[in-house]
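Taken together, the values in this text are just the output of simple stated rules run on the coordinates, not laboratory data. Please read all numbers here as calculations on a predicted model, not as lab measurements. Because the Cβ atoms are built from the backbone with ideal geometry, glycine has one as well, and the counts that use them run over all protein chains shown.
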Amino acid sequence: MKKLLAISIGAAAVISSAFGQTTNINGAGASFPAPVYQHWTYTYSQSNPNAKVNYQSMGSGAGINQIKAGTVDFAGTDSPLTLEQQQKAGLQQFPMLMGGVVVIVNLPRVKTNELKLTRAVLADIFLGKITRWDDARISKLNPTIKLPRMSISVVRRADASGTTFIFTNYLAKISKAWADKVGCGAAVNWPVGMGGQKNPGVCNNVARIRGSIGYTEYTYAVEAKLNMPQLENKAGKFVEPSDAAFSAAAANADWKNAPGLYMVLTDQAGDDTWPLAGVTYILMREDCPPAMRVELIKYFNWCFSTGMAAAKKLDYVPIPDNVVKLVQKNIFKQD
């Protein structure tokens, strides 16, 4: 019954579009790509009078629940579903953009990209094992910085979040203690810290709490003018967050042999690689009405082509052309 109703709605959308009325395309989910998704939906809707695209930033977990329930036409998630999970839920998944998760701190007299944190120190801060900024392990890494005698206040996401999935996936790779005690997921039982809703909530909390540390998507940190430390990568090099460093993480990714286009780009090899690179995905229903599917493919093809100039300006990294062609062939069924 639900499937028949969905097909009827999709058919009505095409008929109304043919008569000059507007086709509404509704999406929801990840806040990681929300700045560019909201730019895209506005621009596309302005240039295509017969289509209106909406995207509500509510977190990856909520977006996945919405697309599973069929209450939206597409969902955004930074926490990818495995092929088995996609098949069980009747969903299709493809990558849309790449970006970076960054660590953010609020420390007096410390400039952005000045503080350095090793993999072990970062994990132990979020495990609650390092509790002060003048701890000997942090001071040894930063001999030229006068670190404050101040407690560390950890800020993390309160909602189910793809940004959290990327961050905890990385911590689980670099710290056995984290993997054993906390693990990886869109929502975990945090050892320490206070929660913030979505990426803006984490940024707001870090901005107002002296001595705080958190994590967020790069664009949000730039917009909020928050201090971002250098992080030690897999090669043992300290790297600053940048588009080039995010791109380096994806340089050797084997998308062609990734079942269900599932790919996690944390802790990749390379001297110039940012260790917390992330991929953000789109989910569509396999039983999506044909009429709506046509509109969705038209919109996402526009995003992959025309929309990418805006994505770059907002510090996101386009998916490589060969991966776009893979999506168009396997998901969109286009040559």
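Look at the dipole of segment 167-317 built from charges on Cβ: of V206, A277, F304, the Cα furthest out on the positive end belongs to V206. Between A235 and R109, the contour length at 0.36 nm per residue exceeds the Cα-Cα span by 42.4 nm. Let a ≥ b ≥ c be the square roots of the eigenvalues of the Cα gyration tensor of the chain; is it rounded (a/c under 1.5), or, if not, prolate (a/b larger than b/c) or oblate? Verdict is prolate for the chain.
Ranking V222, N106, C288 by Cα position along the charge dipole of the chain, where only Lys, Arg, Asp and Glu carry charges on their C-beta atoms, puts N106 farthest toward the positive end. Charges were assigned to the Cβ only: +1 to each Lys and Arg, -1 to each Asp and Glu. The resulting dipole of segment 101-253 about its Cα centre is roughly 460 debye. Once R0 is set to 30 Å, what does the formula 1/(1 + (r/R0)^6) return for the Cβ-Cβ distance between N26 and K325, expressed as a FRET efficiency to the nearest 0.05? The computed FRET efficiency comes out at 0.65. Here S47, S242, S161 are placed in order of increasing Cβ neighbour count within 10 Å, fewest first, which gives S47, S242, S161. Across segment 50-65, coupling constants 3J(HN,Hα) worked out from phi with the 6.51/-1.76/1.60 Karplus curve, θ = phi - 60°, read 8, 9, 10, 9, 10, 9, 9, 7, 9, x, 4, x, 5, x, 4, 4 Hz, and Gly and Pro carry x. Applying 0.36 nm per residue to the separation of N257 and S305 and subtracting their alpha-carbon distance, the gain on full extension is 14.9 nm. For the listed residue pairs K198/K234; K237/K312; K52/K225; K225/K256; K88/K237; K146/K312, the alpha carbons are over 30 angstrom apart in K52/K225; K225/K256; K88/K237; K146/K312.
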